[in-house]
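A short worksheet on the structure shown next.
The numbers here are math on the coordinates, done by the rules we state, and not lab data. Values in this document were obtained by computation on a predicted structure and should not be read as measured data. Ideal geometry is used to build each Cβ from the backbone, glycine not excepted, and the neighbour counts take in all protein chains shown.
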Amino acid sequence: MRKFYTMKEVAGEISEKRPDILEAMAEDELQYRIAQMIISTRNQRKWSQEMLAKHAGLTQAQVSRLECAQVGHIHTVVKAFNALGLKMEILQA
């Protein structure tokens, strides 16, 4: 019978054996949070990627890349957020 691992067990193994993976995940977290916000808001509006692209002045390919957490230029994110009525706040650490 196969053993199933909890997320806590997996995280423990990763932190012990591959801390570089956790560092990479932390670096990418903001991009994934941006992508999730765009996807969820677009879906709430029942918009396709093409519709969001039209409203934001972007291409459908740019929207697709944003939703895959491939954030290139901040201007692209701002255009998508503006079209969706989202607000981005930058806080000092």
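Electrostatic tally near Ser48: other residues with Cβ closer than 13 Å to its Cβ, Lys and Arg +1, Asp and Glu -1, net +2.
Placing +1 on the Cβ of every Lys and Arg and -1 on the Cβ of every Asp and Glu, with nothing else charged, gives the chain a dipole about its Cα centre of roughly 520 debye. Within the straight-line cut-off of under 22 Å between alpha carbons, the lysines reachable from Lys8 are Lys17, sequence neighbours fewer than 8 places apart in one chain being disregarded. Report the residues of region 23-61 in range of a label on His75: point 7 Å along Cα→C-beta, backbone N strictly under 18 Å from it. Only 53-61 pass the distance filter. Place a label point 7 angstrom from the Cα of Glu29 along the Cα-to-Cβ direction, then list the residues of region 73-89 whose backbone nitrogen is under 20 Å away. Within reach of a label on Glu29: 88-89. Thr76: net charge of surrounding residues, Cβ under 15 Å, Lys/Arg +1, Asp/Glu -1, itself excluded? Net charge in that neighbourhood comes out at +3. Volume of the convex hull of region 7-84 (Cα atoms only), normalised per residue: 93 Å³.
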